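K.L.:
Would you mind keeping the following structure in view while I ask a few things?
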Amino acid sequence: MPEVIVVGASAGGVVALREFLKALPLYFRPPIVIVQHLPKGPRLDLELIYGRRLNSRYLEAEDKMRLREGDIVMAAPDYHLAFEKDGHLSLSQDAPVYFSRPSIDILFESAAIAFGSSVAAVLMSGASQDGANGLLCVHRAGGLTIVQDPHEAQNPTMPKSALALFQPDFVGTVCEIADFLVQRRDIRSRDFVAGAHP
Amino acid sequence: MKVMIEPTLRLEDENGPIERELLLRGIQLKYGYDFTHYAQNSMRRRIDAIMRELKLKSALDVLSLILHNRKLFDDVLPQLTIGVSEMFRDPAFFRAIRENVVPVLKTFPRVTIWCAGCSTGEEVFSLAILLHEEGLLDRATIFATDINPSALRAAREGIYPADEMKENTRNYLASGGRSVFNTYYTADYGFAKMDKSLLKNVVFSEHNLATDGVFAECQLILCRNVLIYFDPILQNRALDLFMGSIHPSGFLGLGSKESLKFTTHANDFDVVDERWKLYQRRRTHA
């Protein structure tokens, strides 16, 4: 069962994220951490942009924050966002990766190190190659890797560069991705009830 | 858990963390700089960058070189410490200082301010300009400290690329600046040299938040975007130090994404500005 969902999106990602979050049922509550490339600017009203979700709260990432069920954490513009090994979040202003800060690669890679097979990573629409290497890290660490169907993505470059690198566990529209995550969770939860989960 | 990670540029095996720890421990033993409680994710990327630059394959190789080469260590040190900075960064933070802190500072005959982790001095100049415009600079002492001697040298020089001044000017205006920003520097040959008189009450000094102690009682402590590079243990140590250095009604300013919420000192301060992370020491009624 994924303990944490990490999501990376860039150009065309806001629409995809909005649809994705809308498609997730309210009882689905693992924390979700999102890097969406945005220009530096005034603080955004996240509920307005991504849609209000009962039972969840939107947070802008702060250094050393710990995640709780139902949290939807957005990376802060101009700061990299990463997990430390004990699971708390850390921010930094180290050099941009693929011209991006926050970097999807950094979030994904750190999640792979911190959570291993308990993380699910989703890469969505974007016009850069950020996230592909990070997704591969998640894959190698045994986590679940998911890519938005390039045909659906407003900007297919980011999904395509991941698919050029390796075959992820699932490729689909954002609604299908939501379904897939929920099913995975259900399957693993049943395993857990039956005592099959380690 | 077995993790084989190929980050953007290299393959990490289970020895990676061990070698990094040995490198940091070696630096501590040899040169006295303690990076062992820096946040690991960022430190790892910094060490990776050093390895790439020196064309070395492991952190142990870096260690064996810099153990025997002080000059090389001096070159490497800034890469372990330097952060980005600009003047009047987060203009609204400086506006909050003008509105909430300056009126209190004006009630003191002498004002002591500590700019901790001042790096190359942008924040020090911003603060000095603000105090000058508020008529406080003459009765203020600003202790500007950093772990990195070459950053302090740059701060003392006060020379910055001229193309940074555009952004600085924008920030200055947004922060509530009351004059014209270009009166605070002279530009030539693509560089801008800050007015030296702004530094007349500034004391630059090497100081290490990981190992050094209290040296003054301050009405205002600024430490912005420094604690993000520390792990929780070192962060709390630095805050212990600030607690020991702060006047009973003094203020503490942190970076906008840093918070006292996740520290052992959450209850020692009142929030003055939640968004811009401006705090005032809580009065104790013992």
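K.L.:
Could you please find all residues in segment B:224-254 being more than 14 Å from chain A (Cβ to nearest Cβ), in a strand (DSSP E or B) and within 16 Å of the chain's Cα centre (by Cα)?
P.N.:
Passing the criteria: B:Leu252, B:Gly253.
K.L.:
From the set of residues in segment A:2-20 that are among the charged types (D, E, K, R) and out of contact with any Cys (no Cβ under 9 Å at 6 or more places or on another chain), which is modelled with the lowest pLDDT?
P.N.:
Once the filter is applied, the top-ranked residue is A:Glu3.
K.L.:
Mind listing whichever residues of segment B:262-286 are surrounded by 13 or more Cβ atoms within 10 Å (Cβ to Cβ) and outside any loop (DSSP other than H, G, I, E, B)?
P.N.:
Scanning segment B:262-286 gives B:Phe262, B:Ala266, B:Asp268, B:Phe269, B:Val271, B:Val272, B:Asp273, B:Leu278, B:Tyr279, B:Gln280, B:Arg281.
K.L.:
Considering only residues that are outside any loop (DSSP other than H, G, I, E, B) and either within 8 Å of chain B (Cβ to nearest Cβ) or surrounded by fewer than 24 Cβ atoms within 10 Å (Cβ to Cβ) (or both), which ones fall in segment A:116-133?
P.N.:
A:Gly116, A:Ser117, A:Ser118, A:Asn133
K.L.:
Given the conditions (1) modelled with pLDDT under 95; (2) surrounded by 14 or more Cβ atoms within 10 Å (Cβ to Cβ); (3) not aliphatic (A, V, I, L, M), which single one is not true for B:Phe242?
P.N.:
Among (1) modelled with pLDDT under 95; (2) surrounded by 14 or more Cβ atoms within 10 Å (Cβ to Cβ); (3) not aliphatic (A, V, I, L, M), the lone unmet condition for B:Phe242 is (1).
K.L.:
Pull up segment A:82-97, narrow it to residues that are over 17 Å from the mean Cα position of the chain (by Cα) and assigned to a loop (DSSP other than H, G, I, E, B), then point me to the one that is farthest from the other protein chains (Cβ to nearest Cβ).
P.N.:
A:Pro96
K.L.:
So, one more: When you go through B:Phe88, B:Phe94 one by one, which is the residue that is away from every other protein chain (no Cβ under 14 Å), closer than 19 Å to B:Phe143 by Cα and part of a helix (DSSP H, G or I)?
P.N.:
The unique qualifying residue is B:Phe94.
K.L.:
Oh, and also: Give segment A:14-65 a look and list any residue that's aromatic (Phe, Trp, Tyr) and either within 17 Å of the chain's Cα centre (by Cα) or in a helix (DSSP H, G or I) (or both), or say none.
P.N.:
A:Phe20, A:Phe28, A:Tyr50, A:Tyr58
K.L.:
Quick check on segment A:98-108: of everything there that is in contact with a Ser or Thr (Cβ under 8 Å, 6 or more places away or on another chain) and surrounded by 24 or more Cβ atoms within 10 Å (Cβ to Cβ), which residue is nearest to the other protein chains (Cβ to nearest Cβ)?
P.N.:
Looking at residues that are in contact with a Ser or Thr (Cβ under 8 Å, 6 or more places away or on another chain) and surrounded by 24 or more Cβ atoms within 10 Å (Cβ to Cβ), I get A:Asp105.
K.L.:
Ok, one more. Mind checking whether some residue in segment A:69-81 is buried (at least 20 other Cβ atoms within 10 Å of the Cβ), away from chain B (no Cβ under 13 Å) and not in a helix (DSSP H, G or I)?
P.N.:
Yes, segment A:69-81 contains at least one residue that is buried (at least 20 other Cβ atoms within 10 Å of the Cβ), away from chain B (no Cβ under 13 Å) and not in a helix (DSSP H, G or I).
K.L.:
Additional query: Search segment A:134-149 for residues being away from chain B (no Cβ under 11 Å) and under 23 Å from A:Ile106 (Cβ atoms), and hand back the single one that is surrounded by the fewest Cβ atoms within 10 Å (Cβ to Cβ).
P.N.:
Here the residue is A:Leu144.
K.L.:
If I ask for residues that are surrounded by 21 or more Cβ atoms within 10 Å (Cβ to Cβ) and in a loop (DSSP other than H, G, I, E, B), which ones from segment B:170-184 would you list?
P.N.:
Matches in segment B:170-184: B:Ser175, B:Gly177.
K.L.:
If A:Arg53 satisfies every condition in (1) in contact (Cβ under 8 Å) with a residue 60 or more places away in the chain; (2) within 30 Å of B:Lys277 (Cα to Cα); (3) away from chain B (no Cβ under 14 Å) but one, which is the exception?
P.N.:
Checking A:Arg53 against (1) in contact (Cβ under 8 Å) with a residue 60 or more places away in the chain; (2) within 30 Å of B:Lys277 (Cα to Cα); (3) away from chain B (no Cβ under 14 Å), the one that fails is (1).
The values are calculated or read from the model by the stated rules, or taken from the named source; none is laboratory data. Remember, it's a predicted structure, so these values are computed and weren't measured experimentally. Positions of Cβ are generated from backbone atoms using ideal geometry, with glycine treated the same way; all protein chains shown enter the neighbour counts.
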